[in-house]
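Please read the structure below before turning to the comments.
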Amino acid sequence: MLQDGEKGVIIQRDKQTYAVSPHIPCGVVQPGTLRKIADMAEKYNAAAIKLTSAERIVLVGLKEEEIDNFWRDIGMPAGAAVGLCVRSIKACPGTTFCKRGIQDSLGLGLKLDEKYHGMELPAKFKLGVSGCPNQCAETCIKDIGLVGLPKGWKVLVGGNGGAKPRLAVELAKDLSEEQTVELIDKIIAYYKANAKPHQRLGAMIEKMGFEAFKSAVLGG
């Protein structure tokens with residue numbers, strides 16, 4: 001029996017079949033990729049194709065003996081849907097498509113996905129990028145959330161959903177894209193070095209105090 005995350009699978013309710021989630025950065029997908037996913041769903045008799053809240057496409061109902069052949073046939077990496085790592089980055093359309101976009105959330109989200117997706121950390125870690133204060137990428141409940149403002153990016157930290165939801169708090173604002181990425185590097189490095197196993201960023205910040213965390217990552 002495969003475990004969650006092993007070979008990119010998620011065990012299903014019946015404890016006999018698996019879901020698989022090919023990686024689709026920021027939910028942006030080409031027609032050819034959709035055709036390939038549909039072909040694989042038919043070939044492996046998937047029970048369902050599910051669009052997830054994390055902008056992934058999941059094929060449900062594969063058998064264990066099919067998993068290796070599925071990944072070989074589809075020729076795509078697995079999305080980080082489970083495990084102690086950076087999950088798929090969620091980004092709204094931003095200035096690429098949305099009339100309300102203030103900053104290029106999709107462009108930045110794709111850069112962050114390429115840099116961080118799947119990185120192993122003490123606990124699951126979620127990033128979201130919203131191009132305006134409407135926060136369509138649910139950035140207020142992400143470990144790190146970015147919000148586009150007229151003068152640059154606002155960085156939120158410590159949010160999460162789940163059984164004990166926590167709203168993220170503002171760490172910095174009006175940052176350039178370069179400054180934002182540099183700050184994310186510092187946050188993740190500090191978290192990786194100091195968090196306890198399975199401790200989300202928000203729980204770590206709550207334990208040490210926000211001002212202490214802010215001083216540690218901003219140096220002031």
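The values are calculated or read from the model by the stated rules, or taken from the named source; none is laboratory data. Because the structure is a prediction, the values reported are computed rather than measured. Heads up, the Cβs are rebuilt from the backbone with ideal geometry, glycines too, and the neighbour counts pull from every protein chain shown. Note: accessible area is taken over every heavy atom of the protein model, side chains too, but ligands, DNA and RNA are not part of it. Shrake-Rupley method; radii C 1.70, N 1.55, O 1.52, S 1.80 Å.
Just give me the residues in region 71-91 being open to solvent by 10 Å² or more (accessible area, probe 1.4 Å), assigned to a strand (DSSP E or B) and of a type in the set (A, V, I, L, M), in sequence order.
Ala78
Look at Asp68 and say whether it is touching a residue at least 40 places away in the same chain (Cβ under 8 Å), open to solvent by 10 Å² or more (accessible area, probe 1.4 Å) and of a type in the set (Asp, Glu).
yes
Name the single residue, out of those in region 120-142 being within 13 Å of Gly109 (Cα to Cα) and open to solvent by less than 60 Å² (accessible area, probe 1.4 Å), that is farthest from the chain's Cα centre (by Cα).
Looking at residues that are within 13 Å of Gly109 (Cα to Cα) and open to solvent by less than 60 Å² (accessible area, probe 1.4 Å), I get Gly131.
Any residue in region 162-180 that is under 28 Å from Ser21 (Cβ atoms), in contact (Cβ under 8 Å) with a residue 40 or more places away in the chain and among the hydrophobic types (A, V, I, L, M, F, W, C)?
No, every residue in region 162-180 fails to be under 28 Å from Ser21 (Cβ atoms), in contact (Cβ under 8 Å) with a residue 40 or more places away in the chain and among the hydrophobic types (A, V, I, L, M, F, W, C).
Mind checking whether some residue in region 2-20 is of a type in the set (Gly, Ala, Ser), closer than 30 Å to Lys173 by Cα and either buried (at least 18 other Cβ atoms within 10 Å of the Cβ) or in contact with a helix residue (DSSP H, G or I) (Cβ under 6 Å, 6 or more places away or on another chain) (or both)?
No, region 2-20 contains no residue that is of a type in the set (Gly, Ala, Ser), closer than 30 Å to Lys173 by Cα and either buried (at least 18 other Cβ atoms within 10 Å of the Cβ) or in contact with a helix residue (DSSP H, G or I) (Cβ under 6 Å, 6 or more places away or on another chain) (or both).
Restricting attention to region 21-40, and to residues there that are of a type outside the set (A, V, I, L, M) and open to solvent by less than 30 Å² (accessible area, probe 1.4 Å), which single residue is nearest to the chain's Cα centre (by Cα)?
Checking each candidate, the answer is Cys26.
How about region 179-220: which of its residues are under 20 Å from the mean Cα position of the chain (by Cα) and either among the charged types (D, E, K, R) or open to solvent by 70 Å² or more (accessible area, probe 1.4 Å) (or both)?
Within region 179-220, Glu182, Asp185, Lys186, Lys192, Pro197, His198, Arg200 meet the criteria.
Is it true that Ser88 is at pLDDT below 95, touching a helix residue (DSSP H, G or I) at 6+ places or on another chain (Cβ under 8 Å) and under 30 Å from Gly5 (Cβ atoms)?
Yes.
Restricting to region 1-52, name every residue that is charged (D, E, K, R) and closer than 17 Å to Asp73 by Cα.
The answer is Lys7, Arg35, Lys36, Asp39, Glu42, Lys43.
When only residues in region 96-116 that are touching a residue at least 40 places away in the same chain (Cβ under 8 Å) and in contact with a Leu (Cβ under 9 Å, 6 or more places away or on another chain) count, which is most open to solvent (accessible area, probe 1.4 Å)?
Ile102
Could you tell me whether Gly61 is touching a strand residue (DSSP E or B) at 6+ places or on another chain (Cβ under 6 Å), closer than 24 Å to Ile89 by Cβ and in contact (Cβ under 8 Å) with a residue 12 or more places away in the chain?
When the stated conditions are applied, Gly61 does not pass them.
Out of (1) touching a residue at least 40 places away in the same chain (Cβ under 8 Å); (2) in contact with a Leu (Cβ under 6 Å, 6 or more places away or on another chain), the odd one out for Ala41 is which?
Every listed condition holds for Ala41 apart from (1).
Being among the hydrophobic types (A, V, I, L, M, F, W, C) and under 15 Å from Ile89 (Cβ atoms) is the requirement here; does Cys136 meet it?
Taking the combined requirement at face value, the residue satisfies it.
Mind telling me which of the residues Ala46, Ala81, Ala41, Ala19 ends up being closer than 30 Å to Ser176 by Cα and out of contact with any Phe, Trp or Tyr (no Cβ under 6 Å at 6 or more places or on another chain)?
The conditions single out Ala81.
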